[in-house]
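Taking it in order: structure first as structure tokens, then the write-up.
Computed from the coordinates by the stated procedures, all read-outs in this text should not be read as laboratory data. This is a predicted model, so every value here is computed, not measured. Methodologically, a virtual Cβ is constructed for each residue, glycine included, from the backbone with ideal geometry; neighbour enumeration extends over all protein chains shown.
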Amino acid sequence: MSFVRTSKFRHVFGTPYKPEVCFTDLKADGTGDTNCAVSTKFLAVIKGNKIIVLPIDEPGRQDENSSSFIDAKQKPMDLAWSPHNDYLLVSGHESGDVNGWVIPREGLKSMMTQPFWEMHGAHTRKVTTVAWHPVAENIIATGGFDPFIVIWHCENQTPAFQIDVSEQPTNFAWNFDGSRLAITSKEKTKTMSLSVVDPRTGEVLTKNTECSKGTKATKVAVLKNGNILTVGAGKMADRTISLWDGNDVTNRLCELDAGCSSAVLNFYYDPDLEIFYTFGRGESVIKYYEIEGNNTIHFLSHYTSKESQKGGNFLPKRGVDYKSCEIARFFKLTTNKCEPTSFTVPRKSELFQDDIFPDPASGEKGLTADEWIGLQNCDPPTKPFQELESTSTGREPPTVRKNARKTVPKSVPDHPDNGKSNGTAGVGIAELMEDIRMLKSTVKKLSKRVTKLEEQSSLENGGEEEEEEE
């Protein structure tokens, strides 16, 4: 007797975009794990000391001689778009510097060389991981080859907190409300450790000094319920996905074999559907899993393509096309292009599928940086997909700043962009209403002027007729 587990995600299909809607002649050569970052507005790709920034709705052949790039003047190791502003990009560099870049609404029309934020002095070695706070605006965590993780207050361009790690941290991830950090790092015993830390006090809440027995980097993700996922490798390159109790990371709840390979697997976790995807640089397969309850992981399926990936990243959940039942979209980098791949759940009905599209994170901030530093916590704000469709998820970028680095806080202006994604992209509803009001006023004034001119003209014509009669 066979038993098939019931799941609405059993038949998730991965479908690559057609060649004509891919980003072709795009040659990335970053040395990081993902080498790119995606917001609902732009795709950012590492190429040497450059960061190529392209609007995601303008695919096609890319000209290498175009000026739509950032000249970082130093090698970027990791990129991350702000979850609260689709025009704000942060890069971690080989020199240890961390820079913030503000992209104009229309995209880059000329080479950008000056960062909006410049954060340096804390790291002296490579910064390999950059992670935005999921709730508080303008708070990021950075780590790399230094034995610590820095929490930055971006507006002040200064470190807010520093977390000491015994050895080199290989990866870290915020929990759902940003009150904790899960950190994996190399131990002196040549094993990988997993610890959960309060980022505002540096207190280690729980630690496991041997979550993986190999020396390859262990990646980590924190589930919505606080439990922790890791994927690490043993001494023979046998990779394992583990689920740990978030309150006691020595308690392994579940373990799955992820196959043998030298590639390091990366996570993308969807907290709304309790699904996570794994992908590795140099591999051509993306596997996806479902988490059931608090202690069980089920393998769903996999997507395989002909070309291996040099990197890639997922679109924020609020940017997927829910009308076609798309639950995720992966932007895959190959040797000469970026190929979007859509993951969909087939449904016959054309009605909104609320069981697979619960309210996602809206992209709005839940706290200011100062509120979070002052020990406040809250969950990320959410909004129904139908409301997200009628509003833009980004905010208007600020004007270009001067070259000199300021010591005063530099915040990105918060101008809601309520322009619709179709036809009125980049224009706010309030702005449109104001334009209509002004247009009506102008038409009214012109109508009065025309009426007055007609009256004057009729009087003059009447006077001429009287003279002719005389």
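What to note about this one:
- Inter-centroid distance (Cα atoms) of the stretch 1-61 relative to the stretch 192-230, Å: 28 Å
- Across 50/287; 235/332; 186/213; 219/383, pairs whose alpha-carbon gap is larger than 20 Å: 50/287; 235/332; 219/383
- Neighbour net charge for residue 94 - beta-carbon separation under 12 angstrom, K R +1, D E -1: +2
- Other residues lying with their Cβ under 12 Å from the Cβ of residue 33 contribute a combined charge of +2, Lys and Arg counting +1, Asp and Glu -1.
- Length gained on full extension, residue 73 to residue 251: 59.6 nm, using 0.36 nm per residue less the C-alpha separation.
- Extension gain (nm, one decimal) between residue 8 and residue 335, 0.36 nm per residue minus Cα-Cα: 114.2 nm
- Stretch gain in nm, segment residue 285-residue 27, where the contour uses 0.36 nm per residue and the Cα spacing is subtracted: 90.9 nm
- The charge dipole of the stretch 13-344, taken about the Cα centre with unit charges on the Cβ atoms of Lys, Arg (+1) and Asp, Glu (-1), comes to about 680 debye, rounded to the nearest 20.
- Most to least packed among 305-311, 55-61 [average Cβ atoms within 10 Å]: 305-311, 55-61
- The stretch 196-254: relative contact order in percent, alpha carbon pairs under 8 Å with at least 6 residues between: 28 percent
- Relative packing of peptides 125-134, 184-193 - highest average C-beta neighbours within 10 Å first: 125-134, 184-193
- Structural descriptor for the stretch 241-336: relative contact order 18 percent, calculated from alpha carbon pairs under 8 angstrom and at least 6 residues apart.
- Listed peptides 104-115, 198-209 by packing density, highest first (mean Cβ within 10 Å): 198-209, 104-115
- Only one residue of 160, 215, 134 has its Cα farthest out toward the positive end of the dipole of the stretch 120-230, where Lys and Arg carry +1 and Asp and Glu -1 on Cβ, and that residue is 215.
- Beta-bridge orientation, the stretch 13-344: approximately 95 percent antiparallel, per DSSP, counting only bridges with both partners inside.
- Seen through its C-alpha gyration tensor, with square-root eigenvalues sorted a ≥ b ≥ c, the stretch 1-74 comes out prolate because a/c lies at 1.5 or above while a/b is bigger than b/c.
- Cut-off 19 Å, label 7 Å out along Cα→Cβ of residue 353, residues of the stretch 245-288 by amide N: 269-277, 287-288
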